[in-house]
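Have a look at the structure below, then the notes.
FYI, it's all coordinate maths here, none of it is from the lab. The structure displayed is predicted, hence computed values, not measured ones. So basically every Cβ, Gly included, is an ideal-geometry build from the backbone, and we count neighbours across all protein chains shown.
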Amino acid sequence: METVSRHYRIPLPALAAATLALVMVALAFVFFVAPNDAVLGFSQRIFYFHVSIAFTAYACFGAGAWKALRHLWKRDPRADLESYVAVHQGVIFGVLVLITGSIWAKYTWGHWWVWSEDELVLFLVLFLFYAAYFMLRFSVDPGPQRANFSAVYALFGVVLVPVSFLAIRLAKTFLHPVIFTRHGANIGGWMLVTYCLTQPAVLLLAYTLYRVELAGKSIDARLRELRLA
Amino acid sequence: MTYAADVGALARKDLLLELRARDTLPAMLLFVVATFVVFHFALPAHSSQLAASGLLWVAILFTALLGLGRAFVPEREQRVLDGLVLAPCDRSAIWLAKSIATLAFLGAAELVALPVFALFFHGIGGATVAGVVLADLGICAVGTFLGAMAVVTRARDLLLPLLFLPLAIPIVVGGVGATVAGSPGRYLAFLALYDALFGVLCWASFEYVVTE
Amino acid sequence: MTTAEKYVTAAYCVIFAVVLVYVVLIALKLNRLEREVQALERREPKPAEDERETISVG
């Protein structure tokens, strides 16, 4: 296995510090600057991070698929590991979406789970799908075959996201005749500013974790090399 | 040899094997009928027809899984796949031929299963049949692809349902929609879209499953 | 504290806890790996030389 690690322009400690600062500022905005929503009141503050995390999870799955494509197409030796780490991040953020969405559902409808929330159901499907990704990956010995299997499966994932979303929307018409609506909250002013802060903060957090995890993996590879030597 | 001839030869090999050994099809038939009987007892006495329609799709999915799990077993046992990969044909032909063979088994099982369902529960409309046909295409395309991956892993039979079921959720949605909805057109279109998208994806990427 | 405030706080605490646990786990792993690599690197030259000697003799 090649242990070439990419050289990044921004050093990891600086990245971590920037992430911490941005997340703090975003949190301060969420709790002290953003006004209460006219309909949802205080509870809408969950959404700033909930939506940001959901978008970040999609971005991670997308990045994983992009790296998978790089592996299959260009035979980039680092792409397999990067794809795996990106998908791994996506699953962690996906679980956070499920937890925060569940808390919001409990507050709004009194149940920990509602099938009428498209996004929650989609993340449940994606969670099952990507959990199987790990099962697949750890059921094959490390090597080119495992890299290929993981890459192909990650590509299936990005096709599954829109198809599942469409399916869940379609299913509603026969599963839930009564549709809950979220009262299209008009987002503007300080709410928009807050969201524009939380979204990059969470994306940056995901990127930092991705870099840290990759650093760990490259040390791991180096260790294996030293042991073999 | 042309692509079509390759696919035809490979699919014929699978069908001939099944005719001689009769491994898969009887098992699928028995399984699907047994499932219907279990469903009869699982449904409460006065449950709606809709519930039975939903269960039809569960039965189809699990019957397909039974067949798909067997699809690449002969290849593994005789190490045929290594030879096929070395043969001077396009690798996607292997997938296409195997999909056609599993489609034939699943179709044959459904030829019996659908009338039995109508006998046990309630009649089946044309939209349901169209839905079943379209769903079969998707099930066999994706299932065969995943089966080829699962068969070389350590977990083998355990892995295929885990890989396949999340991907099959859209098929179930389209199928159940075509069965129970008043205007099944959009659900059938959705199934066709699924088949086209995943069919192309499987066809384009199968090469990476069998080569390094 | 109103119910809404409780739920929002709970949600953010959960996010924080999950990220914290994840970071701590990675940090612990990184630390362990770093130590092992250093230990191996310090030990490495000697056995390598011994090996080369035995090969050249045999």
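Here are some notes:
- Between C:V18 and B:H122, the C-beta separation translates, for a Förster distance of 41 Å, into a calculated FRET efficiency of about 0.30.
- By the compact-protein rule of thumb, 2.2 N^0.38 Å, the alpha-carbon radius of gyration of the stretch A:8-86 corresponds to a ratio of 1.53.
- As a proxy for reagent exposure, ranking A:F156, B:F62, B:F105, B:F41 by other Cβ atoms within 10 Å from fewest up yields B:F41, B:F62, A:F156, B:F105.
- Take every pair of alpha-carbon atoms less than 8 Å apart whose residues are at least six positions apart; their mean separation over the length of chain B yields a relative contact order of 27 percent.
- Note on C:M1/B:A108: beta-carbon distance plugged into 1/(1 + (r/R0)^6) with R0 of 56 Å gives a FRET efficiency of 0.30.
- Assigned charges on the beta-carbon of Lys, Arg, Asp, Glu; chain B dipole about Cα centre (debye): 240 debye
- The spacing between the stretch A:15-56 and the stretch A:86-121, judged by their C-alpha centroids, is 17 Å.
- Shape of chain A, Cα gyration tensor, a/c cut at 1.5: oblate
- Net charge of neighbours whose Cβ lies under 10 Å from the Cβ of B:I171, counting Lys and Arg as +1 and Asp and Glu as -1: -2
- Counting neighbouring Cβ atoms within 10 Å and putting the fewest first, the residues C:K6, C:K29, B:K98 line up as C:K6, C:K29, B:K98.
- Of the residues A:L170, A:L204, A:L160, the one that moves most in a GNM of chain A with alpha-carbon contacts below 10 Å is A:L170.
- Net charge in the neighbourhood of B:K98 (other residues with Cβ under 9 Å of its Cβ; Lys, Arg +1, Asp, Glu -1) is -2.
- Extension gain (nm, one decimal) between B:V200 and B:A4, 0.36 nm per residue minus Cα-Cα: 68.9 nm
- Separation of the stretch B:152-212 from the stretch B:1-50 is 17 Å, based on Cα centroids.
- Longest site-free stretch - chain A; sites: trypsin sites (Lys or Arg not before Pro), DSSP loop, at most 12 other Cβ within 10 Å: A:76-181
- Residues of the stretch A:75-94 falling in the label zone of C:K29, defined by backbone nitrogen less than 20 Å from a point 7 Å along Cα to beta-carbon, are A:78-94.
- Compared with the direct C-alpha span, the chain from B:K13 to B:A155 gains 48.4 nm at full extension, assuming 0.36 nm per residue.
- Taking chain B as a Gaussian network of alpha-carbon nodes connected by springs under 10 Å, the highest mean-square fluctuation of the residues B:S47, B:S183, B:S92 belongs to B:S47.
- Under 30 Å of direct C-alpha separation, and excluding same-chain neighbours fewer than eight residues apart, C:K6 reaches these lysines: A:K106.
- Placing a pseudo-label 7 Å from each Cα along the Cα-to-Cβ vector at B:A21 and A:L20 gives an inter-label distance of 6.1 nm.
- Taking other residues whose beta carbon is less than 13 angstrom from the beta carbon of A:D141, and scoring Lys, Arg as +1 and Asp, Glu as -1, yields +2.
- With both labels modelled 7 Å from their Cα along Cα-to-Cβ, the A:L128 to B:S183 distance reads 3.0 nm.
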